[in-house]
Amino acid sequence: MRAQGPQRAVALTIDDLPAASANGMTGKEILEMTTKLLATLKEQKAPAVGFVNEQKLYRWGEVDDRIKALSLWLDEGFELGNHTFKHTSLNRVPLQAWEEDVIRGETVTKTLLYQHHMKMRYLRHPYLDVGMDLQTRREAEAFLSARGYRVAPVTMDAWDWMYAGVYADARKRGDAALQKQLVDSYLSYTDSVFAYNEKLSKELIGYEPKQVLLLHGNWLEADHIGELLELLRKRGYQFITLQEALSDSAYRMPDDYAGEDGTTWIEHWAITRGHPPQGAPVFPQWVIDRARTVPRPPPEPEIF
């Protein structure tokens, strides 16, 4: 009889919609990328919440395509949340300015949700920055709660965004060898991140909670998220909704983290207990070096 592996669960969350590299993609390309990404998630029966930066919807001549790409999430049975209008860090602006950016980020997304008989439920902090001090964090949490939000935590983050820019450039240039090198490295590094967080969870709280994985809307995930999902399955994960993940009692544990660096909630809990985690996997330096050489698209002019 085959031995049964660990029974694990994970919720998928995908940031920076309609696309993480929206300024470097046309509306048509964003639609194509979104269609491919969602088709795989739906085929694999993997629920996901996408988090929106509404500023990325506004580009001359492309607003309709970009909003259509966002609508696809709801049309295909997924959920949308708020990631602030401009991807604004709570650590970098006064609380009132951040709150205004949260409210500004609701306009289109709330309308689309209403059309699908849904409500906005979740907010994801840009950069995972929850505030430089605990008072600011608590005041922000009270503001969000009053508007009907629950903060979407993250327990696993493999920095797919760092790979994604290099991958998109290689894809555009038709460099298949570099694409494969990047995908192989991404899956290997991600596997080590999963192992690290599983071990840290057990050491810290005695078991592995229902995890929340941070990904981004980009061509890397659109082309290869199926391989990532297979990797998760091999580690014993089943795919659940964010609501199901947050039912885990771990997310009600004391969490007094505040500070300069956005970090995962498992690390929040460790720091709250006075035991900052050590031994995290080292991100491949060659990917960081390649990312620095990728041409950056010019910023888009505001049209609103």
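Across the range 77-89, what is the total count of residues that are out of contact with any Ser or Thr (no Cβ under 9 Å at 6 or more places or on another chain) and either charged (D, E, K, R) or modelled with pLDDT under 95 (or both)? The qualifying residues number 1.
Could you check the range 26-47 and list, in sequence order, the residues that are free of Cβ contacts under 8 Å to residues at least 40 places away in the same chain and either buried (at least 24 other Cβ atoms within 10 Å of the Cβ) or within 21 Å of residue 126 (Cα to Cα) (or both)? 30, the sole residue that qualifies. Pairing residues of the range 112-133 that are farther than 21 Å from residue 154 by Cβ with residues that are part of a loop (DSSP other than H, G, I, E, B) and of a type outside the set (D, E, K, R), at Cβ distances under 8 Å and at least 6 apart in sequence or on separate chains, gives 113/120; 119/148. Tallying residues that are out of contact with any helix residue (DSSP H, G or I) (no Cβ under 8 Å at 6 or more places or on another chain) and either surrounded by 17 or more Cβ atoms within 10 Å (Cβ to Cβ) or of a type in the set (D, E, K, R) (or both) within the range 124-139 yields 8. Based on this model, can you work out whether residue 84 counts as closer than 30 Å to residue 261 by Cα and either among the hydrophobic types (A, V, I, L, M, F, W, C) or without any contact (Cβ under 8 Å) to a residue 40 or more places away in the chain (or both)? Judged against the criteria, residue 84 is not a match. If the condition is being in a helix (DSSP H, G or I) and either under 17 Å from the mean Cα position of the chain (by Cα) or among the aromatic types (Phe, Trp, Tyr) (or both), then the range 41-54 contributes 41, 54.
Check whether at least one residue in the range 285-300 is touching a residue at least 24 places away in the same chain (Cβ under 8 Å), crowded, with 19+ Cβ neighbours inside 10 Å and part of a loop (DSSP other than H, G, I, E, B), and report yes or no. No, the range 285-300 has no match at all. Of all the numbered requirements in (1) basic (Lys, Arg); (2) in contact with a Phe, Trp or Tyr (Cβ under 8 Å, 6 or more places away or on another chain); (3) at pLDDT below 95, residue 59 misses one, and that requirement is (2).
For the range 246-266, a residue qualifies if it is modelled with pLDDT under 95 and closer than 30 Å to residue 184 by Cα, and the qualifying residues are 261, 262, 263.
Mind telling me which of the residues 66, 92 ends up being among the basic types (Lys, Arg), in a loop (DSSP other than H, G, I, E, B) and farther than 24 Å from residue 210 by Cα?
That would be 92, the only listed residue that is among the basic types (Lys, Arg), in a loop (DSSP other than H, G, I, E, B) and farther than 24 Å from residue 210 by Cα.
A single member of 146, 152, 142 is of a type in the set (A, V, I, L, M, F, W, C) and surrounded by 21 or more Cβ atoms within 10 Å (Cβ to Cβ), and it is 152.
Scanning the range 91-107 for residues that are surrounded by fewer than 20 Cβ atoms within 10 Å (Cβ to Cβ) and within 18 Å of residue 18 (Cβ to Cβ) gives 104, 106, 107. Looking across the range 170-210, the residues that are of a type in the set (Lys, Arg) and surrounded by fewer than 16 Cβ atoms within 10 Å (Cβ to Cβ) come down to 172, 173, 180, 199, 202. Selection within the range 274-284: residues that are modelled with pLDDT under 95 and surrounded by fewer than 17 Cβ atoms within 10 Å (Cβ to Cβ). The member of this set that is nearest to the chain's Cα centre (by Cα) is 280.
The values are calculated or read from the model by the stated rules, or taken from the named source; none is laboratory data. As the structure is a prediction and not an experimental result, all values here were calculated from the model. Note that we place each Cβ from the backbone using ideal geometry, even for glycine, and neighbour counts take in every protein chain shown.
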